[in-house]
Amino acid sequence: MINKNDLEMLGYFEMFQGSTDYMEDPVRFYSQFVEDKMLTKGNDRLFENVLGLCGESGEVAEKVKKLLRDRTKFSDDDIISELGDVLFYVVALSNIFKGNLKVVMENNMKKLNDRQQRGKLQGSGSSR
Ligand SMILES: [Mg+2]
């Protein structure tokens with residue numbers, strides 16, 4: 001579990017100094033940040049965002065693959081950076097479909113809690 005001291009060591013609070021919006025609602029702040037960086041507009045955005053998500057997820061997988069195949073090591077920072085790229089596209093798609101990441105997070109927690117309560121965390125199929 002990350003605590004306040006960890007965040008201070010990472011410079012988390014300095015990074016967003018002066019931005020009370022971030023501290024008040026980080027999810028909404030980041031959603032707007034993603035929108036501000038979005039280059040593709042209109043009908044092409046959905047396709048660009050889905051392809052971006054696949055590509056960035058693939059970059060995470062590629063690093064792990066090279067660890068297995070070539071014994072090429074990666075740092076925690078390498079993976080964190082790629083996960084940030086994945087998150088960017090997850091949030092971009094969240095913005096399109098449900099308005100923000102918070103709804104996606106809440107729906108996912110509800111789904112997984114329900115599966116856990118019914119003993120269905122293992123297995124396959126999205127409607128179990
Ligand atoms: Mg990347």
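Figure legend. Inter-residue proximity from region 52-81: first residues touching a residue at least 40 places away in the same chain (Cβ under 8 Å), second residues within 11 Å of the ligand (Cβ to nearest atom) and of a type in the set (Phe, Trp, Tyr), beta-carbon distance below 9 Å, spacing 6+ or different chains. Indicated pairs: Gly52/Phe88; Gly52/Tyr89; Leu53/Phe88; Leu53/Tyr89. Taking region 23-54 as the range and being farther than 14 Å from Val91 by Cα and surrounded by 13 or more Cβ atoms within 10 Å (Cβ to Cβ) as the test, the residues that pass are Asp25, Thr40.
A quick yes/no check of all residues on (1) within 15 Å of the chain's Cα centre (by Cα); (2) within 24 Å of Leu10 (Cα to Cα):
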site: Pro26; (1), (2): yes, yes
site: Glu35; (1), (2): yes, no
site: Leu46; (1), (2): no, no
site: Arg69; (1), (2): no, no
site: Tyr89; (1), (2): yes, yes
site: Leu101; (1), (2): yes, yes
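Restricting region 56-99 to residues that are of a type in the set (Asp, Glu) and exposed (fewer than 12 other Cβ atoms within 10 Å of the Cβ) leaves a set whose member that is nearest to Lys37 (Cα to Cα) is Asp77.
Out of Lys37, Lys73, Lys110, Lys66, one residue alone is among the charged types (D, E, K, R) and modelled with pLDDT under 95. It is Lys73.
Given the criteria hydrophobic (A, V, I, L, M, F, W, C), under 28 Å from Asp21 (Cβ atoms) and either within 16 Å of the ligand (Cβ to nearest atom) or not in a loop (DSSP other than H, G, I, E, B) (or both), does Val91 qualify?
Working: hydrophobic (A, V, I, L, M, F, W, C): yes; under 28 Å from Asp21 (Cβ atoms): yes; either within 16 Å of the ligand (Cβ to nearest atom) or not in a loop (DSSP other than H, G, I, E, B) (or both): yes.
Spelling it out, Val91 is indeed hydrophobic (A, V, I, L, M, F, W, C), under 28 Å from Asp21 (Cβ atoms) and either within 16 Å of the ligand (Cβ to nearest atom) or not in a loop (DSSP other than H, G, I, E, B) (or both).
When the residues of region 94-128 are filtered to those that are in contact (Cβ under 8 Å) with a residue 12 or more places away in the chain and part of a helix (DSSP H, G or I), the one that is farthest from the ligand (Cβ to nearest atom) is Arg115. The number of residues in region 100-112 that are in contact with a helix residue (DSSP H, G or I) (Cβ under 9 Å, 6 or more places away or on another chain) and loosely packed, with under 12 Cβ neighbours inside 10 Å comes to 0.
Considering only region 73-88, state which residues are within 16 Å of the ligand (Cβ to nearest atom) and of a type outside the set (A, V, I, L, M, F, W, C).
Ser75, Asp76, Asp77, Asp78, Ser81, Glu82, Gly84, Asp85
Restricting attention to region 54-72, the residues being more than 11 Å from the ligand (Cβ to nearest atom) and either assigned to a helix (DSSP H, G or I) or in contact with a Ser or Thr (Cβ under 9 Å, 6 or more places away or on another chain) (or both) number 9.
Going through (1) β-branched (Val, Ile, Thr); (2) touching a helix residue (DSSP H, G or I) at 6+ places or on another chain (Cβ under 7 Å); (3) modelled with pLDDT of 95 or more one by one, Ile80 falls short only on (2).
The values are calculated or read from the model by the stated rules, or taken from the named source; none is laboratory data. Keep in mind that this is a model prediction, so the values were computed, not measured. Note that each Cβ is placed from the backbone with ideal geometry, even for glycine, and that neighbours are counted across all protein chains shown.
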